[in-house]
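Structure first, then comments.
The values are calculated or read from the model by the stated rules, or taken from the named source; none is laboratory data. These figures come from a predicted structure and were not determined experimentally. Cβ: placed from backbone, ideal geometry, glycine included. Neighbour counts: every protein chain shown.
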Amino acid sequence: MLLALDIGNTNITVGIVENSEIIMVHRIKSHTSANEGLTDIDLSKITNVIISSVAPKKTIDYQNWCRMHLNLKPFIIKHNNIIGLKLDVDKPSSVGADRICNIVGANKKYSGRKIIVDFGTATTYDVINKNGIFIGGAISPGIDVSANNLYNKAALLKNTAFKFPKNVVGRNTETNLQSGIMFGAVESLEGMIIRIQNEMNWQNCRIILTGGFSTVISPGLSIKHDLEPFLTLFGIEVINDINKLHIIKI
């Protein structure tokens with residue numbers, strides 16, 4: 001069994017993969033220590049660990065825990081240790097591990113041109129050409145980051161549920177906020193996709209949504225898209241399979 005750890009700035013997604021199938025997904029807050037986050041999960045059958053992380057200090061904590069408690073050395077995903085990965089950007093080393101996993105996972109599932117939108121602490125747009133090469137993208141503040149910043153700055157506004165209201169024109173403060181946050185996110189997303197397609201001169205490409213807020217935003221979109229909430233974990237699984245094949249060939 002594979003223990004797949006996706007360590008983000010806000011959440012850590014813990015996945016267990018058996019026979020190329022994700023059989024368990026558990027989310028914990030990123031401030032949670034490895035001892036707190038992993039102790040209560042049955043990891044007795046784990047034979048391999050792969051970590052995708054954008055939080056270096058947390059990487060060390062979870063890496064050391066796996067060595068101590070599972071007697072396993074985790075494979076840490078980097079831009080230069082994934083067989084077949086092609087990053088045609090100015091500084092490949094700056095591409096986050098989560099984006100790398102999304103690229104690998106999307107290329108495994110889908111052929112042709114792709115735009116991956118990952119809703120996390122930041123909303124990232126990964127642009128992949130017809131040859132499966134990552135050629136760049138965009139990064140914007142995540143939906144919850146923008147909303148929480150608004151709440152923190154405006155004393156009279158309170159947290160509200162992230163859901164689409166019935167109408168764009170809200171009748172109270174709560175529905176005003178929901179309209180601005182949710183419909184605003186949709187317009188931003190669809191506008192960015194149109195801009196990317198126009199700049200790339202792509203009439204058709206596959207749009208893939210992933211990340212924590214993907215299931216919330218998906219129903220509000222007017223553009224055709226594929227919903228892959230656990231694309232990052234799937235990418236980790238694919239990387240694990242690639243590594244095993246490489247070891248066998250060697």
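Within the range 189-217, which residues are exposed (fewer than 15 other Cβ atoms within 10 Å of the Cβ) and of a type outside the set (A, V, I, L, M)?
Passing the criteria: G191, R195, N198, E199, N201, Q203, N204, T215.
Results for (1) loosely packed, with under 14 Cβ neighbours inside 10 Å; (2) on the phi > 0 side of the Ramachandran plot; (3) in contact with a Cys (Cβ under 6 Å, 6 or more places away or on another chain); (4) not in a loop (DSSP other than H, G, I, E, B), shown as yes or no for each residue.
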| position | (1), (2), (3), (4) |
| --- | --- |
| N35 | yes, no, no, yes |
| I41 | no, no, no, no |
| I46 | no, no, no, no |
| S52 | no, no, yes, yes |
| D61 | no, no, no, yes |
| K73 | yes, no, no, no |
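Residue by residue, here is whether (1) modelled with pLDDT of 90 or more; (2) out of contact with any strand residue (DSSP E or B) (no Cβ under 7 Å at 6 or more places or on another chain); (3) farther than 20 Å from A138 by Cα holds:
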residue	(1), (2), (3)
F164	yes, yes, yes
G170	yes, yes, yes
L177	no, yes, yes
A185	yes, yes, no
G191	yes, yes, no
E199	yes, yes, no
V216	yes, yes, yes
L233	yes, no, yes
I236	yes, no, yes
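Here is a check on your reading of the model: is S140 surrounded by fewer than 15 Cβ atoms within 10 Å (Cβ to Cβ) and not in a helix (DSSP H, G or I)?
It is false that S140 is surrounded by fewer than 15 Cβ atoms within 10 Å (Cβ to Cβ) and not in a helix (DSSP H, G or I).
Please tell me if N148 is assigned to a helix (DSSP H, G or I), within 17 Å of T232 (Cα to Cα) and assigned by TED's automatic domain parsing to the domain that holds K163.
Taking the combined requirement at face value, the residue does not satisfy it.
Taking the range 160-193 on its own, how many of its residues are of a type outside the set (S, T, N, Q) and part of a helix (DSSP H, G or I)?
Adding up the residues that qualify gives 15.
Considering every residue within the range 110-128, establish whether at least one is within 17 Å of G212 (Cβ to Cβ) and in a helix (DSSP H, G or I).
no
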